Amino acid sequence: MRCIVKGCTRSRLTNNDARFYSIPKVRNDETELLVERRALWLKRVNIKEKQLLVSGKVCDKQFILGKPSYERDISNPDWAPTLLLENNEQLSANRCQRRYIRSQARALLDILARFARKGTICF
């Protein structure tokens, strides 16, 4: 097994500790969100649907945290591969990561503010 990202040479033969992830599949009962995620994965790895092999996998080096995020976590930069991509759609990992961390911090502050308003937490 090897990574399908053009320019990536990682495989099970050369890296025993490498992890590989399948391109998300879309089943009949799933939402538009998962269709969008699959399309974004294919766009980022620069592969058309017709070119995709059944066993096509993306290695852990293509993700900031080393694995894809949960399928509903759209704001996570690892919702689709972001690193070491050769095509022109490559994203700045640092920018994506900073944006994600800021959004998580805002969410945490909102939760703390709600508790403070209820009087369960004191600053």
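The values are calculated or read from the model by the stated rules, or taken from the named source; none is laboratory data. This is a predicted model, so every value here is computed, not measured. Every residue, glycine as well, gets a Cβ built from its backbone with ideal geometry; the counts of neighbours run over all protein chains shown.
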Exercise for review: Might you check whether a residue that is of a type in the set (Asp, Glu) and either touching a strand residue (DSSP E or B) at 6+ places or on another chain (Cβ under 9 Å) or in contact (Cβ under 8 Å) with a residue 12 or more places away in the chain (or both) occurs anywhere in region 15-36?
Suggested key: no
Check your understanding: With (1) modelled with pLDDT under 80; (2) among the hydrophobic types (A, V, I, L, M, F, W, C); (3) assigned to a loop (DSSP other than H, G, I, E, B) as the list, and Phe115 as the residue in question, which single condition is left unmet?
Key -> (3)
Exercise for review: Look through region 10-31, keep the residues that are among the hydroxyl-bearing types (Ser, Thr, Tyr) and under 15 Å from Ser55 (Cβ atoms), and return whichever of them is surrounded by the most Cβ atoms within 10 Å (Cβ to Cβ).
Suggested key: Tyr21
Check your understanding: What is the one condition in (1) modelled with pLDDT of 85 or more; (2) in a loop (DSSP other than H, G, I, E, B); (3) of a type outside the set (S, T, N, Q) that Glu30 does not satisfy?
Key -> (1)
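A quick yes/no check of all residues on (1) at negative phi; (2) out of contact with any Pro (no Cβ under 8 Å at 6 or more places or on another chain); (3) in a helix (DSSP H, G or I):
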residue: Lys25; (1), (2), (3): yes, yes, no
residue: Ser55; (1), (2), (3): yes, yes, no
residue: Leu65; (1), (2), (3): yes, yes, no
residue: Glu71; (1), (2), (3): yes, no, no
residue: Asp78; (1), (2), (3): yes, no, yes
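From the list Gln62, Gln51, pick out the single residue that is modelled with pLDDT of 80 or more and not hydroxyl-bearing (Ser, Thr, Tyr). Outline the logic, then answer.
Working: Gln51 fails: modelled with pLDDT of 80 or more.
After applying the criteria, what remains is Gln62.
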